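The values are calculated or read from the model by the stated rules, or taken from the named source; none is laboratory data. Here the structure is a predicted model, which means the values were calculated and not measured. Cβ atoms come from the backbone with ideal geometry, glycine included; neighbour counts cover every protein chain shown.
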Amino acid sequence: MVRCVGDPVGKGGYVRISRLAWGDFEIAGIADARPAPVDPCRSYPATSPADWEPHRRWLTAEGQFQPDLGCFLLRGPMGVVLIDAGIGPGPVPYLGDADGCLIDALAALGVAPADVDAVLFTHLHFDHIGWASLPDAHGVPRPAFPRARYVVGAAEWAFWSAGPAGVMAHHREAFARAILPLSAAGVLEVVADGSSPVAGATYVPLPGNTPGHQGLRIESGGARALFVADLCHCPAQVAAPHWSHRSDVEPDAGRLSRRHVFETCAEDGTLLAFGHFPRGVDLGHVRRDGAGWRWEPRATLA
Ligand SMILES: [Zn+2]
């Protein structure tokens, strides 16, 4: 059993899952890990402690910021689809030697690695690609989901395959360990931004966290869902979309992407799914709140 960092929930440690029946789909929000809490002003360098006072409900009891490092499993007409792939088995030195628990979480949902039909990446930061490849018995990295197609958008692939200067080393190392073996095995598909990687899902460019960062739009029976990954890292950003998390590569683009998504999705009722919101508040709706917006979770914790 994989050791996981975080609250000891579930048999293996930190296994925490949100579940929601939605149209023809079942959506499971899986926390691969939860890192140690940090000062929110460290994660959002332009904010002060006073800025966080109206948003205390999104912090721990001690006023700390503690996001989940999550991904989503979809089961429905398009098969079994994983949106992003967590931090990996670890230990991950950048996260205090945290280990991910995605495979345990999938097992708890009755899903074996060979059941996964597609892995769709929103972007290629280290905390979204970790389980993509695993070493075989000889230590050679192989695709971890042996039947799956792996898909990434063209702009994101171009950014990372160019070896971007100024990007922190743990991201580049994860790219080399988890993504390049997919490319070598011939199972990584690079698709046009805004295209449809699987029937029923469409990529939506949402640049900011990375230049090629994309959401995934799913429609079912007139209902809409948009998996927005790292559009925000904390629900407080729905009310404060001008705040930028320190991992944002293009902060100005991120602000525009947030406002665009909130403006449109507050109108049409799209279900939103955030990769880093704690499980239980990771699925929900953006609602109008005066001149701005607020986050309204749908209670789903399994
Ligand atoms: Zn992330």
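The table that follows gives values for the structure above.
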| quantity | calculated |
| --- | --- |
| Hits in the range 245-267 (condition: within 23 Å of Ile83 (Cβ to Cβ), more than 15 Å from the chain's Cα centre (by Cα) and within 14 Å of the ligand (Cβ to nearest atom)) | Val249, Gly254 |
| Residue in the range 139-155 that is at positive phi and over 20 Å from the mean Cα position of the chain (by Cα) present | yes |
| Any hit, the range 236-244, residues being within 16 Å of the ligand (Cβ to nearest atom) and either touching a Pro at 6+ places or on another chain (Cβ under 6 Å) or of a type in the set (Asp, Glu) (or both) | yes |
| Pairs, first at positive phi in the range 88-114, second among the polar types (S, T, N, Q) and not in a helix (DSSP H, G or I), C-beta under 9 Å, six or more apart | Gly88/Ser133 |
| In the range 220-236, the residues that are modelled with pLDDT of 95 or more and over 16 Å from the mean Cα position of the chain (by Cα) | Ala236 |
| Subset of the range 66-80 [farther than 17 Å from Ser247 by Cα and small (Gly, Ala, Ser)] | Gly76, Gly79 |
| Cβ-Cβ under 9 Å pairs, at least 6 apart or on other chains, the range 52-74 side farther than 13 Å from Ala36 by Cα and away from the ligand (no atom under 16 Å from the Cβ), far side of a type in the set (Phe, Trp, Tyr) and assigned to a loop (DSSP other than H, G, I, E, B) | Trp52/Tyr44; Trp58/Phe277 |
| Answer residue from the range 268-289, given it is free of Cβ contacts under 8 Å to residues at least 40 places away in the same chain and either in a loop (DSSP other than H, G, I, E, B) or over 18 Å from Leu216 (Cα atoms) (or both) and is nearest to the chain's Cα centre (by Cα) among those | Arg287 |
| Residue check for Ala169: modelled with pLDDT under 95, out of contact with any Asp or Glu (no Cβ under 8 Å at 6 or more places or on another chain) and away from the ligand (no atom under 16 Å from the Cβ) | yes |
| Qualifying residue in the range 255-267 (condition: assigned to a strand (DSSP E or B), of a type in the set (D, E, K, R) and on the phi < 0 side of the Ramachandran plot) | no |
| Residue match in the range 134-154 (condition: assigned to a helix (DSSP H, G or I) and of a type in the set (D, E, K, R)) | no |
| Sole exception among (1) modelled with pLDDT of 95 or more; (2) more than 18 Å from the chain's Cα centre (by Cα); (3) not in a helix (DSSP H, G or I) for Ala114, by number | (3) |
| Complete set of residues in the range 141-156 that are closer than 26 Å to Cys101 by Cα, out of contact with any helix residue (DSSP H, G or I) (no Cβ under 8 Å at 6 or more places or on another chain) and surrounded by fewer than 20 Cβ atoms within 10 Å (Cβ to Cβ) | Arg149 |
| Which listed residue, of Ala85, Ala105, is crowded, with 18+ Cβ neighbours inside 10 Å and outside any loop (DSSP other than H, G, I, E, B) | Ala105 |
